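Comments concern the structure below.
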Amino acid sequence: MQDKDDPELALALLIIRWSAAAFLLVWALDKILGPDAALRTFSKFYLPLDSTVVIALIGIVQLALVLAFAAGAFRTWTYGAVVVMHAASTLASWAKYMDPWARPNILFWAALPVLGALIALFILRKRDTLFAFDARVRSGRADYSTGSSV
C-alpha cells in the first residue's frame, strides 16, 4: 500500500521520522559543537575516552546518519542504525530509570517513548514514503508536490 492510499498513515510516519530526527540531531550536534561536555557524558555512560576529536568524529557520523534518516534514505539501514544507536544510549542509562524521581533522572524517561516510536517506524519503514528519498529513488519517479512516489 502506497502512502497515497493511506495519507493519514503517511503523515503520521513523517511526523515520527522528523520529530525523532530533531531529537537525535541535538545529540549529534552536541558532540560536534560541545565536545568537552559530550566527552564527559560519553565517558560516564559508555566508554572512558580522553579525546574530543574522537567525540567530534562520532558526532559527524551520527549527524550524517540522522540526516539520511530524516530524508528517508536507505530506510532499512538508516532506520535500523538509528534504532540500535538510540537503544544502546537508552540501555546505557538503565540505572537512571530505577529511581525516576531523583533529579534529573525523570528526564531520561523521554528516551523510552522515542525508542518505541523508532521501533514502530522501523517496522513500518516500507509504508513511510512521504518525502522519503528512498521511495523516490526506487520508483524512479516522484510527485514532488506531495512528496510521494507515483
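The values are calculated or read from the model by the stated rules, or taken from the named source; none is laboratory data. In this text, all values refer to a predicted model and were calculated from it rather than measured experimentally. All Cβ positions, glycine included, derive from the backbone under ideal geometry; neighbour counts span all protein chains shown.
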Given Ala92, Ala56, Ala64, Ala70, which one is modelled with pLDDT under 95 and closer than 14 Å to Val26 by Cα? Ala56
Quick one: in the stretch 96-136, which of the residues that are of a type in the set (Val, Ile, Thr) and either outside any helix (DSSP H, G or I) or under 15 Å from the mean Cα position of the chain (by Cα) (or both) is surrounded by the fewest Cβ atoms within 10 Å (Cβ to Cβ)? Ile123
Can you pull out every residue in the stretch 85-129 that is closer than 16 Å to Thr41 by Cα and among the acidic types (Asp, Glu)? none
What number of residues in the stretch 36-73 are over 30 Å from Ile123 (Cβ atoms), among the small types (Gly, Ala, Ser) and not in a helix (DSSP H, G or I)? 1
Here the residues within the stretch 1-28 that are modelled with pLDDT of 90 or more, surrounded by fewer than 16 Cβ atoms within 10 Å (Cβ to Cβ), over 14 Å from Ala132 (Cβ atoms) and among the hydrophobic types (A, V, I, L, M, F, W, C) are Ala22, Val26
Members of the stretch 74-95 found to be among the small types (Gly, Ala, Ser) and either over 19 Å from Ala117 (Cβ atoms) or assigned to a helix (DSSP H, G or I) (or both), listed by number: Gly80, Ala81, Ala87, Ala88, Ser89, Ala92, Ala95
First in the stretch 111-136 and farther than 30 Å from Ser93 by Cα, second anywhere and part of a helix (DSSP H, G or I) and of a type in the set (Lys, Arg), Cβ under 7 Å, 6 or more apart: Ala132/Arg75; Asp134/Arg75
Ala20 passes all but one of (1) in a loop (DSSP other than H, G, I, E, B); (2) under 16 Å from Ala88 (Cβ atoms); which number fails? (1)
